[in-house]
1. Enter the angle in degrees (range 0 to 90, nearest 10) between the Cα long axis of helix 34-43 and the first principal axis of the Cα atoms of the chain, meaning the one along which they spread out most.
2. Determine the equivalent ellipsoid of the stretch 191-257 by diagonalising the alpha-carbon gyration tensor, then write out the semi-axes as square roots of 5 times the eigenvalues, largest first, rounded to whole Å.
3. Tally Lys and Arg at +1 and Asp and Glu at -1 over the other residues with C-beta under 12 Å from the C-beta of Leu195: what net charge comes out?
4. Between Val341 and Ala16, what length in nm is gained on full extension when 0.36 nm per residue of separation is reduced by their alpha carbon distance?
5. Give me Rg/Rg_expected for the chain, where Rg uses Cα atoms only and Rg_expected = 2.2 N^0.38 Å with N residues.
6. Suppose the chain between Ser273 and Ala259 were pulled fully straight at 0.36 nm per residue; how much longer would it get relative to their current alpha carbon spacing?
7. Using a 7 Å offset from the Cα along the Cα-to-Cβ direction at both Met132 and Val84, what is the distance between the two label points in nm, to one decimal?
8. Test of understanding: what is the full-extension gain from Ser162 to Leu8, defined as 0.36 nm times their sequence separation minus their Cα-Cα distance?
Amino acid sequence: MVAVIDYLPLIAAGSAGYLAFRRLSLPAPAVLGSLFFAGALNLAGLYPDVDLVWVSRCSNIVIGALAGSRVDRSSARLLRELPVPALVVSASMLMLSLGGGAFLYAATDLSPRTAFIGSTTGGIAEMALLAMSLGADVATVTLLQTVRLLTALVAAPAICRSLTGLLGRCAPGLVKVEPPTTPDVRRSSAADFALLASSALAGGVAGLLLGLPAGAMTGAMVGTAAANLLREGLPEVPSGLTVAAQVAIGVTIASNISASTFAGLGGLWLPTSLLLCMMLLCSVLIAELLHRMTGWDYPTCLLSASLGGLSQIAAVAGEMGADPLKVTLLQTVRLLSILLVLPVLFSLLFL
């Protein structure tokens, strides 16, 4: 049985990364700071051999609870605004995945299965399973998906800050990288926090059991939102707990970074870099389209159209001045459409 002391190097690296990035006023310090410092630990061969499954699930429940706690009866009408933006994001990401796969296949000697699955904007674990079922190169697919996630996670906050600043439409909280705080309109009791915790935990467990995408986070968001709709006035997740969850997400991502991760790219560096640049540019264009259609602020549009992972992008949404609920819902629809449509299409293409 792994002792708590075995996690201390990760706690120290993650905390130091957060404090350093916060001190330097870099974007998303909790996620990116912990990612860089824990990643350096892994590259140095000092990453401890510990089980991070429960750490990932707990952090996802906290992030889901943060988004769900912002749903109340007045914000429920938001659902009527989402169908068209969700359709735009989903259709765009499906076309982007197919276009990226075609480019990667034409520019490299990868098999069509490996090229298309590796460039799909889905989850790392889900794409690895799809690669196994279709006979693609699982190692290469996982490598490509990891590089995409890391690139998107680093680029999204930077693009968000620079583009909104350039356009003169900085959202509240965009320049200040510390998590924004909302003044309490009433004193929250212990019973309120108990209801928040129990609804988030129950929803997270249900999401995992149902096999939902990012099940712990999605379930926690739904459970907390339902509790807040039934009994308005639930408190928000404490800021310290939110920061801890973000640090945990960064540390978990860092477990996938090693020297072999980058060495495995080999001759794929140039086409992969070009592909990622094109996909990032397309995501910015999709965000601009969303902004023109909906009038939403740029941080919300940019993160909703981001190539990053669902839980990772949701974790930085609040810090970047975006609406975490809109970002989480649109990212969830994006991932669901990818997981529902592309496996069927790939199965037909690669018969």
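1. Approximately 40 degrees, to the nearest ten.
2. That gives 23, 16, 8 Å for the three semi-axes.
3. -1
4. Details: separation 325, 0.36 × 325 = 117.00 nm, distance 4.14 nm.
Here the segment from Val341 to Ala16 would lengthen by 112.9 nm.
5. Relative to the 2.2 N^0.38 Å estimate, the chain comes out at 0.96.
6. Result: 3.3 nm gained on full extension.
7. So the two model labels end up 4.3 nm from each other.
8. 51.9 nm
Just so you know, all these numbers are worked out from the coordinates, no wet-lab data involved. Remember, it's a predicted structure, so these values are computed and weren't measured experimentally. FYI the Cβ positions are ideal-geometry reconstructions off the backbone, even for glycines, and counts take in every protein chain you see.
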